[in-house]
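Please read the structure below before turning to the comments.
The values are calculated or read from the model by the stated rules, or taken from the named source; none is laboratory data. Remember, predicted model here, so these are calculated numbers, not experimental data. Cβ sites come from the backbone with ideal geometry, for glycine too, and all protein chains shown count toward neighbours.
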Amino acid sequence: MRRRSLLIAVPAGLATLSACGDDKSDSSKASDSASPSASAGASAAPPKIVDGPLPAVTAGVKFDQKPTIAKGGGAPSKDLAVKTLVAGSGTTVAENDYVQAHYLGQIWDTAKVFDNSYDRKAPLLIQLAAGSIIDGWRYALAGKKTGSRVEFSVPPTWGYGEQGQAQAGIKGTDTLVFVVDLKETFNSKSSAKGTDVAQDNADLPKVGTNTDGKAPSIEVPKADAPTKLVANYVIEGDGEEVAATSTVLVQYKGVLWEGGKEFDSSYKSGSLTSFSLQQVVKGWAQGLTGKKVGSRVLITIPPKLGYGDNPPADSGIKKDSTLVFSVDILAKM
């Protein structure tokens, strides 16, 4: 089981506790109907991938435009039919990557649209991993490049199974049709992208500016820890600003001010972390609010905005510790 982030396991009164014991974020709650993040349960055997048949896209044919998809003609394939409508030239998507994508999904027989992200004006951010997303997405999108538009049909076996998705009007016999615009992909090698910002305050930690996917260094000065929250750009990106209610995808490393010992790191675990800023310690929520996607941020958190006198068990964090983080904001919902 993947290690649960220390950031979410916080004492009551300092931050809102996660509602469940894993790292899943509000990104799975894309709509009140059905989203591809609603997994049918245990994964089936990998499907055979074929070229068609697939219904035509009759309007909104360009990448990032809301598509209109014709009703399916005849019987759909029993296999996974996949076609690249627009070939991108970006990064290749791999299994277990997080992808940021716009999508529209409808039912083959009726052409009923049961969900789309275009009207919400917010792409889905989801991990292509078993249990996080329906298998049809995992198999159809792995190997595709960002900037691509992919159309595919998903039989029940690799969709919502025999139980369907009643809330969205999907029966257990329905084949689903998706058009997906792959905007970005992120994995454990992803880093901030932007402009280095001068770190000229000798009383604050200095964070490395490498963007090779490796953990940056954090040099803690031999000075008294600040009593107030510090949240400074190390690398300033040019993306959207993070809101207090945002769900973000990050790389991070945390050390103690006293001694500089590392106590938590997504680099070491080899997996990115995605969560709502309403789930984490106050210092993180306040420090990242207003910062731009693509940035690396130094956050120095005083005890009252961190774990105070009740740190997580076996975390290596002492009572009333000042925490220092380097955080790469890779994406937001």
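Okay, here's what the table says:
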| quantity | calculated |
| --- | --- |
| Test: residue in segment 204-211 that is farther than 28 Å from S271 by Cβ and in the same structural domain as P53 (by TED's automatic domain parsing) | no |
| Single residue of A231, A215 found to be touching a helix residue (DSSP H, G or I) at 6+ places or on another chain (Cβ under 9 Å), small (G, A, S), in a strand (DSSP E or B) and assigned by TED's automatic domain parsing to the domain that holds L323 | A231 |
| Enumeration of residues in segment 266-311 that are in a strand (DSSP E or B) and modelled with pLDDT of 95 or more | K292, R296, V297, L298, I299, T300, I301 |
| Residue count for segment 66-91, restricted to those that are within 12 Å of K183 (Cα to Cα) and without any contact (Cβ under 8 Å) to a residue 60 or more places away in the chain | 1 |
| Number of positions in segment 234-248 that are crowded, with 20+ Cβ neighbours inside 10 Å, out of contact with any helix residue (DSSP H, G or I) (no Cβ under 6 Å at 6 or more places or on another chain) and part of a strand (DSSP E or B) | 3 |
| Any hit, segment 282-300, residues being assigned by TED's automatic domain parsing to the domain that holds V248, without any contact (Cβ under 8 Å) to a residue 60 or more places away in the chain and of a type in the set (V, I, T) | yes |
| Some residue of segment 162-183 being touching a residue at least 12 places away in the same chain (Cβ under 8 Å), among the hydroxyl-bearing types (S, T, Y) and farther than 15 Å from K78 by Cβ | no |
| Strands (runs of 3 or more DSSP E) (entirely within segment 27-129) containing at least 3 residues that are at pLDDT below 95 | 124-127 |
| Flag for R138 being under 18 Å from the mean Cα position of the chain (by Cα), assigned to a loop (DSSP other than H, G, I, E, B) and outside the structural domain of S246 (by TED's automatic domain parsing) | no |
| Some residue of segment 214-224 being over 15 Å from G194 (Cα atoms), loosely packed, with under 14 Cβ neighbours inside 10 Å and of a type in the set (A, V, I, L, M, F, W, C) | yes |
| Test for G287: is it among the small types (G, A, S), more than 30 Å from K183 (Cα to Cα) and more than 16 Å from the chain's Cα centre (by Cα) | no |
| Where a residue in segment 224-250 is under 15 Å from L305 (Cβ atoms) and touching a residue at least 40 places away in the same chain (Cβ under 8 Å) and its partner, wherever it lies, is part of a strand (DSSP E or B) and of a type in the set (A, V, I, L, M, F, W, C), with Cβ under 7 Å and at least six apart | L229/I301; V230/L298; V230/I299; A231/V297; A231/I299 |
